[in-house]
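Trainee: Take a look at this one; I'll ask things after.
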Amino acid sequence: GLFIGLLIIFFLFNKEKFLAFIKNIRLMGLFHYLLMFFIGMVIAYAFFGFLPLFNFYNLLAAAIIFITIACVRLVTNFQNDIYDLESDSLSNIDRPLVNNKITVNEARNFISIVFLLSVIGALIIGYQFLLFIISIYVVAFFYSSPPFKLKKILIVKSLLIAIASLIMILNGFFWLAP
């Protein structure tokens, strides 16, 4: 409820900025994370043959998981955009920070709020889910943040993406596993 309420307030406050923030979720990246989570669930089902009951609680948990994963994508995308502002001005001119639809300060404020929402969402699901989400943030930090910016090293970049994918698979596996 809190997340939806904040989205509505943000939308009503400034529709243009709201759409710029939402556009920066990059749907393919979100789909990738959700697919990895789902693959983990399928593997857990193959191992244990267990499916959660189809009830309100589990539907609510699924919605919170989706929102939390979307928040993670938003935070990591904006963090990456802040650090790559100069290079994105040449290669990714449609990004909201590059075309000045959002300022760096607004992006930082947004990151803080959405990070907090992702942690709250992860805590609602459970400590294990939270640990996996924090692990994704750690991988993203080493991937794009100075002084590391390990994405500049091709093999390490691929390895970090694989680690993030594995974390999401494990997250899905352990969420479904009894």
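Since every read-out is calculated from the coordinates, none of them should be taken as a lab result. Quick caveat: nothing in here was measured; it's all calculated off a predicted structure. Counting neighbours? That spans all protein chains shown, and the Cβs are built from the backbone with ideal geometry, glycine included.
Trainee: Where nothing but the Cβ of Lys and Arg (+1) and of Asp and Glu (-1) is charged, how large is the charge dipole of segment 1-143 around its Cα centre, in debye to the nearest 20?
Mentor: Approximately 240 debye in magnitude.
Trainee: Pick the calculated Cα extents along the principal axes in Å for this structure from (i) 81, 42, 28; (ii) 49, 44, 32; (iii) 50, 44, 23?
Mentor: Matching the structure shown: (iii).
Trainee: For Ala177 and Phe148, calculate 0.36 nm times their separation in residues minus their Cα-Cα distance, and state this gained length in nm to one decimal.
Mentor: Extra length available between Ala177 and Phe148 comes to 6.9 nm.
Trainee: Rounded to the nearest 0.05, what FRET efficiency do His32 and Leu12 give with R0 = 35 Å and r taken as the Cβ-Cβ distance? Could you check?
Mentor: With a Förster radius of 35 Å, E is 0.70.
Trainee: Could I ask something else about it? Please list, by residue number, everything in segment 45-85 whose backbone N is under 15 Å from a paramagnetic label point 7 Å out along Cα→Cβ of Ile124.
Mentor: 56-72
Trainee: So, one more: What FRET efficiency comes out for the pair Phe56/Tyr137, r = Cβ-Cβ distance, R0 = 30 Å, nearest 0.05? Walk me through the numbers before you get to the answer.
Mentor: Working: r = 30 Å, r/R0 = 0.99.
Once rounded, the FRET efficiency stands at 0.50.
Trainee: Sequence gap at least 6, Cα distance under 8 Å: using those rules, report the relative contact order of the chain to the nearest whole percent.
Mentor: It rounds to 36 percent for the chain.
Trainee: Sticking with this structure for a sec: Which lysines, if any, have their Cα less than 20 Å from the Cα of Lys101, not counting same-chain residues under 8 positions apart?
Mentor: Lys15, Lys17, Lys23
Trainee: Right, another one. For segment 12-91, what is the charge dipole size about the Cα centre, in debye to the nearest 20, if Lys and Arg each add +1 at the Cβ and Asp and Glu each add -1 at the Cβ? Could the numbers behind the result be given before it?
Mentor: Details: 5 positive and 5 negative charges, 62 e Å.
Roughly 300 debye, rounded to the nearest 20.
Trainee: Right, here's the next one. At what distance in angstrom do the alpha carbon centres of segment 59-111 and segment 15-33 lie from each other?
Mentor: 7
Trainee: I've got another one for you. Give me the dipole magnitude in Debye, nearest 20, for segment 58-128 about the Cα centre, with unit charges on the beta carbon: positive for Lys and Arg, negative for Asp and Glu.
Mentor: Charge dipole, segment 58-128, about its Cα centre: 240 debye, nearest 20.
Trainee: What value does segment 119-160 have for Rg/Rh, both radii from Cα atoms and Rh as Kirkwood defines it?
Mentor: Values: Rg = 12.7 Å, Rh = 11.1 Å.
Ratio of gyration radius to Kirkwood radius: 1.14.
Trainee: Using θ = phi - 60° and the Karplus form 6.51 cos²θ - 1.76 cosθ + 1.60, what ³J(HN,Hα) does each residue of segment 36-51 get, whole Hz, x for Gly and Pro?
Mentor: 4, 4, 5, 4, x, 5, 5, 4, 4, 4, 4, 6, 10, x, 10, 10
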